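Q: So that we are looking at the same thing, I have put the structure below in structure tokens.
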Amino acid sequence: VPTVRVQERFKFSDLMAIKKDPYLARHSLLIFALYLVVAQLMAPFSVYTVEMVKISEHQLGLLYTLNGLIVVLFQIPVTRLLAKYKLTSQLAAGAFLYAVGYGMVGLLVGFEYFVVAIVIVTIGEIVMSPPSLTLTSNLAPEGRMGRYMGIFGFFVASGWSFGPLYGGVILDQFGANAAIAWALIASLAILAGFGYMLFTRSLPDRFNIRD
């Protein structure tokens, strides 16, 4: 008799699972805060650089192209290089890189400075993205992988969705002082970074290393 394997599907009600797993709850809240900052690369960054700083749309396109090229060229080598480090440590490092990159956006104005900022932000992206998925996978009990990945995806998508609103409101209120505006935007990445550093102390190693 052939074995029929049923794939677990994520349902919105599955979010209640975070009540039963404090590690998953902590990871979900921290990744949500971090992705509120990650999402700034789209609307808030483009509005600020083109409409407020007045770089050209062509230059903005070059910045996005640079972001994509760095990810394609360096994602795998960097992931292998960092494999010996704890997942939460990698997430903290990625968060701090995001904070530095976006903080720089407000301090140094000009296309050449934005190039440096995008390089830093993109390194943050390739440092934190793989371990965020791996940590979720490690936390998932047997038979719950789909549910845990669905919860992770929900919080990531929520960060992507609310991030532009978060950044847009700050730019509307503090746009005249770019340093303050981008420092406020970057502050969530700093909080997420320290959150993952603290998480390292309480998370058992069996969850916190790459298989």
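Q: Of Ile180, Ile190, Ile123, which has the largest mean-square fluctuation in a 10 Å C-alpha GNM of the chain?
A: Maximum among the listed residues: Ile180.
Q: Select from Val100, Ile123, Ser89 the residue farthest towards the positive end of the dipole of the chain; place +1 on Cβ of Lys and Arg, -1 on Cβ of Asp and Glu, and compute about the Cα centre.
A: Toward the positive end, the furthest listed residue is Ser89.
Q: Of the listed values (1) 26.2, 102; (2) 18.3, 70; (3) 24.1, 74, grab the one calculated as Rg and Dmax of the Cα atoms in Å from the structure here.
A: Only one listed value fits the structure, namely (2).
Q: What's the ranking of 90-98, 164-172, 64-72 by average number of surrounding C-beta atoms within 10 Å, highest first?
A: Per-residue mean Cβ counts within 10 Å order the peptides as 90-98, 164-172, 64-72.
Q: May I ask you to rank Leu29, Leu62 by accessible area, largest first, using a 1.4 Å probe over the protein chains only?
A: Leu29, Leu62
Q: Determine ³J(HN,Hα), in whole Hz, for all residues of region 36-50 in sequence, where each value follows from phi through the Karplus function 6.51 cos²θ - 1.76 cosθ + 1.60 and θ = phi - 60°; x replaces Gly and Pro.
A: Each residue of region 36-50 in turn: 4, 7, 3, 5, 5, 4, 8, 4, x, 5, 5, 5, 5, 6, 8 Hz.
Q: Given springs between every Cα pair under 10 Å in a Gaussian network model of the chain, which of Glu51, Glu142, Glu125 has the largest fluctuation?
A: Most flexible of the set in this elastic network: Glu142.
Q: In addition: In whole percent, how big is the carbon plus sulfur part of the accessible area of the chain, probe 1.4 Å, protein atoms only?
A: That share works out to 67 percent.
The values are calculated or read from the model by the stated rules, or taken from the named source; none is laboratory data. Not measured: the values here are computed from a predicted model. FYI the Cβ positions are ideal-geometry reconstructions off the backbone, even for glycines, and counts take in every protein chain you see. These area figures cover heavy atoms from the full protein model, side chains too; ligands, DNA and RNA do not enter into them. Shrake-Rupley method; radii C 1.70, N 1.55, O 1.52, S 1.80 Å.
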